[in-house]
């Protein structure tokens with residue numbers, strides 16, 4: 001539907017995400033389930049609604065609980081980055097990220 005109504009469509013090179021340009025509106029669709037490039041190049045951490053750091057959008061086995069102390073939060077963020085492994089990795093990179 002977006003494609004048929006868009007005045008233009010662009011594709012981001014890094015993660016092959018499509019951007020649809022409508023009347024005064026830009027819609028960008030993120031489909032991590034069907035887009036291995038999105039997963040391989042992701043550099044984000046997310047926070048869940050129940051206060052956990054989520055290093056990978058498609059994984060639930062590496063959640064890191066947050067704390068309230070600023071130093072503790074910094075440590076937890078660093079730890080989350082250390083244990084971060086993308087859900088999708090090419091066979092040649094399975095040993096490490």
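Across segment 71-82, what is the number of residues that are surrounded by 12 or more Cβ atoms within 10 Å (Cβ to Cβ) and at pLDDT below 90?
0
Test residue 72 against the stated conditions and say whether it is within 11 Å of the chain's Cα centre (by Cα), free of Cβ contacts under 8 Å to residues at least 60 places away in the same chain and not assigned by TED's automatic domain parsing to the domain that holds residue 6.
no
Conditions tested, residue by residue: (1) surrounded by 16 or more Cβ atoms within 10 Å (Cβ to Cβ); (2) more than 24 Å from residue 86 (Cα to Cα).
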| residue | (1), (2) |
| --- | --- |
| 5 | no, yes |
| 12 | no, no |
| 22 | no, yes |
| 37 | no, no |
| 43 | no, no |
| 49 | no, no |
| 60 | no, no |
| 64 | yes, no |
| 69 | no, yes |
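Checking the condition modelled with pLDDT of 90 or more and touching a helix residue (DSSP H, G or I) at 6+ places or on another chain (Cβ under 9 Å), which residue from 65, 86 passes?
One residue alone meets the criteria, 65.
The values are calculated or read from the model by the stated rules, or taken from the named source; none is laboratory data. Predicted, not measured: the structure shown is a model, and the values here were computed from it. Don't worry about glycine lacking a Cβ; one is built from the backbone with ideal geometry, like all the others, and counts go over all protein chains shown.
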